[in-house]
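Undergrad: The structure under discussion is supplied below as structure tokens; questions concerning it will follow.
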Amino acid sequence: MAVAVVEFLPREYGYVVLVLVLYCFLNFWMAAQVGKARKKYKVSYPTLYASESENKDAKLFNCVQRGHQNSLEMMPMFFILMILGGMRHPCVSAGFGLLYIVGRYFYFTGYATGDPQNRLKIGKFGFLALLALMICTISFGINLLQG
């Protein structure tokens, strides 16, 4: 069965797979940053967000937490668009996947400054990459329908 799947996929699909794994590493790194922020700003588990009435550094912690949480929220969409769009356009999807990852990195680091507006300075390009991945996936769907 695994051989049949590999034969179905274009050889370049390996780039898609590697980009997906790269995003997993970025996610692990962001999670570690949240862990560091928990220690630094004294926000213990299971508290998801700090309360400004109880913690003077709540906004700083919450910005780090929110940057990671938003990345987790977007991850399923990114993964499915990469997986499907990459079946027809593996190199283009991998390229836009890398752009998305770079955008996510800057989205997170901008957010983690404590000023939520900083997340969009460079991070906004990740959303353009996601739009391009949607187009790749639409192309794949249309190609399937045309037989």
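The values are calculated or read from the model by the stated rules, or taken from the named source; none is laboratory data. Remember, it's a predicted structure, so these values are computed and weren't measured experimentally. All Cβ positions, glycine included, derive from the backbone under ideal geometry; neighbour counts span all protein chains shown.
Undergrad: Within region 61-72, can you find the residues that are crowded, with 19+ Cβ neighbours inside 10 Å and either outside any helix (DSSP H, G or I) or of a type in the set (A, V, I, L, M) (or both)?
TA: Matches in region 61-72: VAL64 only.
Undergrad: Could you tell me whether region 103-112 includes any residue that is part of a helix (DSSP H, G or I), closer than 26 Å to LEU9 by Cα, modelled with pLDDT of 95 or more and under 17 Å from the mean Cα position of the chain (by Cα)?
TA: First, pick out the residues of region 103-112 that are part of a helix (DSSP H, G or I): 103-111.
Subset that is closer than 26 Å to LEU9 by Cα: none.
Scanning region 103-112, I find no residue that is part of a helix (DSSP H, G or I), closer than 26 Å to LEU9 by Cα, modelled with pLDDT of 95 or more and under 17 Å from the mean Cα position of the chain (by Cα), so the answer is no.
Undergrad: Among the residues that make up region 32-48, is at least one of them among the basic types (Lys, Arg), within 24 Å of ILE122 (Cα to Cα) and either modelled with pLDDT of 95 or more or in contact with a Cys (Cβ under 6 Å, 6 or more places away or on another chain) (or both)? Before the answer, list the steps.
TA: Start the filter on region 32-48 by keeping residues that are among the basic types (Lys, Arg), which leaves 36, 38-40, 42.
Restricting the remaining residues to those that are within 24 Å of ILE122 (Cα to Cα) gives 36.
In the following step, the residues that additionally are either modelled with pLDDT of 95 or more or in contact with a Cys (Cβ under 6 Å, 6 or more places away or on another chain) (or both) were identified as 36.
Scanning region 32-48, I find at least one residue that is among the basic types (Lys, Arg), within 24 Å of ILE122 (Cα to Cα) and either modelled with pLDDT of 95 or more or in contact with a Cys (Cβ under 6 Å, 6 or more places away or on another chain) (or both), so the answer is yes.
Undergrad: Please specify each residue of region 63-92 satisfying the condition of being within 12 Å of the chain's Cα centre (by Cα) and touching a residue at least 60 places away in the same chain (Cβ under 8 Å).
TA: The initial filter retains those residues of region 63-92 that are within 12 Å of the chain's Cα centre (by Cα), namely 67-82.
Selection gives MET82 alone.
Undergrad: Next question. Within region 113-138, count every residue that is surrounded by fewer than 17 Cβ atoms within 10 Å (Cβ to Cβ) and either part of a helix (DSSP H, G or I) or touching a residue at least 60 places away in the same chain (Cβ under 8 Å) (or both).
TA: In the first step, residues of region 113-138 are kept if they are surrounded by fewer than 17 Cβ atoms within 10 Å (Cβ to Cβ); the result is 113-117, 120-122, 124, 127-128, 131, 134-135, 138.
Going one step further and asking which of them are either part of a helix (DSSP H, G or I) or touching a residue at least 60 places away in the same chain (Cβ under 8 Å) (or both), we end up with 116-117, 120, 127-128, 131, 134-135, 138.
Qualifying residue count, region 113-138: 9.
Undergrad: Sort out which residues of region 11-44 are surrounded by 14 or more Cβ atoms within 10 Å (Cβ to Cβ), closer than 13 Å to ILE83 by Cβ and hydrophobic (A, V, I, L, M, F, W, C), and write them in order of number.
TA: VAL16, VAL17, VAL19, LEU20
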